[in-house]
Amino acid sequence: MNVLELKKIDKSYRRGGFWGTQEKREVLKGVDLALQMGTCVGLLGRSGSGKSTLGRIALNLEPPNAGEVLYHGQAVRSLSPKHYKDFRRNVQVVFQNPLGSVNPRFTAQQIVAEPLENFESLSAAQTKTRVNDLLERVGLSASDLCKYPHQFSGGELQRVCIARAIALNPKLIILDEAVSSLDMLVQLKILDLLAQLKNELGTTYLFISHDIRVLLKIADRLLVMHEGQLVEQADSMDHLNAFTHAAFLELIHSVLPPLPMAIPDPQDITRRVDAN
Ligand SMILES: Nc1ncnc2c1ncn2[C@@H]1O[C@H](COP(=O)(O)OP(=O)(O)O)[C@@H](O)[C@H]1O
Ligand SMILES: [Mg+2]
């Protein structure tokens with residue numbers, strides 16, 4: 001069963017000059033993507049390949065020029081208000097930069113309470129209990145409730161954003177470079193947390209990253225995007241040795257020394273990453 005499906009998505013932007021001299025830039029070309037319940041789909045691609053644009057279209061933050069986003073098989077743009085509310089509630093996002101994703105004047109309590117206040121009719125006391133539980137779940141404590149964003153480290157604030165994303169127990173979370181701004185050790189801790197939450201809650205993830213090491217840690221399936229197209233797909237992380245596209249090999253070699261073989265062996269890569 002697919003939570004979300006993107007069918008033949010095209011997206012282009014116009015840039016430069018005045019009308020007539022504007023250049024049309026095709027950012028996504030015929031992208032098909034199906035997100036099955038309970039899986040973590042890794043979307044790998046270098047900067048500028050169109051990953052975030054695809055994420056925004058999946059979230060219905062902007063429309064595609066052609067193609068359709070389906071939520072449980074129904075076109076998102078023609079959902080009734082009731083079903084659209086269900087979509088909004090069940091499809092959440094965590095962005096790369098936690099400081100830019102929160103209201104700087106809100107405390108952690110207010111940040112995490114916001115979705116609960118928008119979607120559930122709880123008393124103030126019930127909301128407080130839920131926020132407390134959520135912060136505990138992401139490894140923070142009651143003493144963090146009253147802190148403002150600037151009083152947290154990047155990793156801690158990303159935990160607050162994750163608590164906000166899971167507050168409504170969504171079906172799908174889109175994580176766009178969600179650990180890319182963090183130090184390696186903090187990245188590993190957040191990835192462990194996300195993997196644990198996925199197991200406990202059964203949430204589906206679309207995990208977008210330019211870093212194969214991150215996706216090797218968390219993804220169940222891998223897609224490779226290059227210049228707005230999906231150029232490689234594997235249903236299991238054990239099958240990456242079938243990937244031969246130059247864009248994939250380049251991304252691997254950008255984080256790891258060239259391997260002594262033409263086609264990378266994913267198990268070997270995993271071992272090397274674990275050893276670091
Ligand atoms: N709102 C926009 N207006 C114009 N161009 C955009 C816009 N958003 C993205 N682009 C362009 O689309 C391309 C893909 O961007 P993006 O989806 O952010 O890639 P990625 O997330 O893989 O780095 C880039 O060339 C970027 O400049
Ligand atoms: Mg991006």
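The values are calculated or read from the model by the stated rules, or taken from the named source; none is laboratory data. Worth saying up front: this structure is predicted, and the values here are computed from it rather than measured. Counting neighbours? That spans all protein chains shown, and the Cβs are built from the backbone with ideal geometry, glycine included. Remember, those area values only see protein heavy atoms, side chains included, never the ligands or the DNA or RNA. Shrake-Rupley method; radii C 1.70, N 1.55, O 1.52, S 1.80 Å.
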Elements of type strands (runs of 3 or more DSSP E) in the range 1-61, at least 1 residues being among the aromatic types (Phe, Trp, Tyr): 2-15
Count of residues meeting criterion [more than 16 Å from ligand 2 (Cβ to nearest atom), open to solvent by less than 60 Å² (accessible area, probe 1.4 Å) and of a type outside the set (Val, Ile, Thr)] in the range 40-71: 8
Filtered residues of the range 114-147 (kept if buried (at least 16 other Cβ atoms within 10 Å of the Cβ) and closer than 25 Å to residue 186 by Cα): 131, 132, 134, 135, 137, 138, 139, 140, 144, 145, 147
Elements of type helices (runs of 4 or more DSSP H) in the range 190-276, at least 1 residues being at pLDDT below 90 and away from ligand 2 (no atom under 16 Å from the Cβ): 246-255, 266-275
Options 164, 89; residue that is under 21 Å from the mean Cα position of the chain (by Cα) and buried (at least 21 other Cβ atoms within 10 Å of the Cβ): 164
Residue check, residue 111 touching a residue at least 24 places away in the same chain (Cβ under 8 Å), touching a Ser or Thr at 6+ places or on another chain (Cβ under 7 Å) and among the hydrophobic types (A, V, I, L, M, F, W, C): no
Residue in the range 172-188 that is nearest to ligand 1 (Cβ to nearest atom), counting only those that are more than 13 Å from the chain's Cα centre (by Cα) and surrounded by 15 or more Cβ atoms within 10 Å (Cβ to Cβ): 181
Every pair of residues 6+ apart whose Cβ atoms lie under 6 Å, when the first sits in the range 27-50 and is closer than 9 Å to residue 206 by Cβ while the second is at pLDDT 95 or above and small (Gly, Ala, Ser): 40/219; 42/219
